[in-house]
């Protein structure tokens, strides 16, 4: 059985249930043995039957000792690393912190991995986890693979060491065509880049065909951060209210924009139409998906360049049977095809969204067509068993080579 050390920034994390679903499927692979490593927070000693390790205070003491050893025994590698950081410094404090986490983990676990070596390191993100994988690979000679997604490539210009990591990784997994194109544009070998989407382990039952009267039921789910465009979502709600459209919008999520969104709801007089629910258990989120007639995704490119690839919440909404209205940012149009699986609409102008909602409200046949084709797309492209199986085969291919 081949051993893979899976490296995460934080695991498990409530806002990254897609990773938990994928690990649960990979853990069932009898040819792979996963060890899970979380650099910052997370909880538990195991997950899906795989051992789960969390970096703690003692590891940081070991990291200092590891740094001294590397300076003494590997001066060339130390100098090379310093040069790379000086030539490509982190573009933000967040990215700097991610590099520190990755380097600290590598230095603290260097001896452990030399004594009990895995067959490969796999970095789930191209930030801190891939920094750790790159350094550990140089220190131990063990190969590594990595993943790179929208956050890794776009936020404040992307990870500072992305190019170096792409050059040394045996393969790079990304989850959208847009991401694959961007990686190649940034210098990745096209032969190394593999498009493997995320997915659902269990698909909810299909909806019964019903013609429902009453208020429009609208839903949006996500972290309350700028790239989700939730202030524009409230502009759409205000425009609906101005047109005397009867509706209720349920916004589920938590994050730094909570106060400003709540204030906007109150100032716009939307308290009776919009509920800001905060973070809810996944069971409640699924119930909301089935409650909703329409799912609105208002994602945008944030001021710092951050954006979504293909948001996992969109795949979940498409599977649940809600009709999708979305912006076309980044990889969303790979699943939401205009007038085929949903509607693609411009960011910043509420009127097209209002017209689309009113048009669809009066056209149940078009709604049903979108729902059927959207569910077919997610069944073909957003199945965790199929996609994690493809990732597992990719691991085995390189481990056998």
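A short reminder: the numbers here are calculations on the coordinates, not readings from a lab. If you're wondering where the values come from, they're calculated on a predicted model, not measured in any experiment. Cβ: placed from backbone, ideal geometry, glycine included. Neighbour counts: every protein chain shown.
Just to confirm the number: angle between the C-alpha axis of helix 75-87 and the first principal axis of the chain, 0 to 90 degrees, nearest 10?
Orientation of helix 75-87: about 30 degrees from the principal axis.
Mean separation of Cα pairs under 8 Å and 6+ residues apart, divided by the residue count of the chain: what relative contact order is that in percent?
15
Let me make sure I get this right: for the chain, a, b and c are the square roots of the gyration tensor eigenvalues over alpha carbons, sorted descending. Under 1.5 in a/c it's rounded, otherwise prolate if a/b > b/c, else oblate. Which is it?
It comes out prolate by the Cα gyration axes.
Let me make sure I get this right: for the stretch 216-381, a, b and c are the square roots of the gyration tensor eigenvalues over alpha carbons, sorted descending. Under 1.5 in a/c it's rounded, otherwise prolate if a/b > b/c, else oblate. Which is it?
Rounded, since a/c falls under 1.5.
Angle check, please: helix 17-26 long axis (alpha carbons) against the longest principal axis of the chain (alpha carbons), in degrees 0 to 90, nearest 10.
The angle comes out at about 60 degrees.
What is the distance in Å between the Cα centroid of the stretch 218-241 and that of the stretch 242-315?
Between the Cα centres of the stretch 218-241 and the stretch 242-315 lies a distance of 5 Å.
Could you work out [θ]222 nm for the chain from helices alone, using -39500 (n - 2.57) per DSSP H run of at least four and dividing by all its residues? Round to the nearest 500 deg cm²/dmol.
The helix-only estimate for the chain comes to -14500 deg cm²/dmol at 222 nm.
Once both labels are modelled 7 Å past Cα along the beta-carbon direction, what's the residue 85-residue 259 spacing in nm?
Between residue 85 and residue 259, the label points sit 3.4 nm apart.
Relative to the first principal axis of the alpha-carbon coordinates of the chain, what is the inclination of helix 258-267, with its axis defined by its Cα atoms, in degrees from 0 to 90 and to the nearest 10?
10
Expressed as a whole number of Å, what is the distance separating the alpha-carbon centroids of the stretch 1-48 and the stretch 167-186?
Taking the Cα centre of each part, the stretch 167-186 and the stretch 1-48 sit 22 Å apart.
Order the peptides 228-235, 120-127, 95-102 from the highest to the lowest mean number of other Cβ atoms within 10 Å of their residues.
Going by the mean number of other Cβ atoms within 10 Å, highest first, we get 120-127, 228-235, 95-102.
Return the whole-Å distance between the Cα centroid of the stretch 385-400 and the Cα centroid of the stretch 323-347.
30
Could you please rank 288, 333, placing first whichever residue has the fewest other Cβ atoms within 10 Å of its Cβ?
333, 288
Taking neighbour Cβ counts within 10 Å as the exposure measure, how do 377, 353, 291 sort from fewest upward?
Lowest count first: 291, 377, 353.
Which residues in the stretch 27-68 have a backbone N closer than 14 Å to a point placed 7 Å from the Cα of residue 201 along the Cα-to-Cβ line?
27-29, 47-50
Provide the gained length on full extension for the span residue 213 to residue 71, in nm with one decimal, where the gain is 0.36 nm per separating residue minus the Cα-Cα distance.
Length gained between residue 213 and residue 71: 44.0 nm.
To check you understand DSSP bridge types, tell me what percent of the beta bridges within the chain (both residues inside) are antiparallel, rounded to 5.
Around 5 percent of the beta bridges assigned by DSSP in the chain are antiparallel ones.
Give the relative contact order (percent, whole number) for the stretch 23-104; include only Cα pairs under 8 Å separated by 6+ residues.
Averaging sequence separation for qualifying contacts and normalising by length gives 22 percent for the stretch 23-104.
Name the shape class, rounded, prolate or oblate, that the alpha-carbon gyration tensor gives for the stretch 65-123, where a ≥ b ≥ c are the square roots of its eigenvalues, rounded holds for a/c under 1.5, and otherwise prolate holds if a/b is larger than b/c and oblate otherwise.
Oblate, since a/c reaches 1.5 and b/c is not below a/b.
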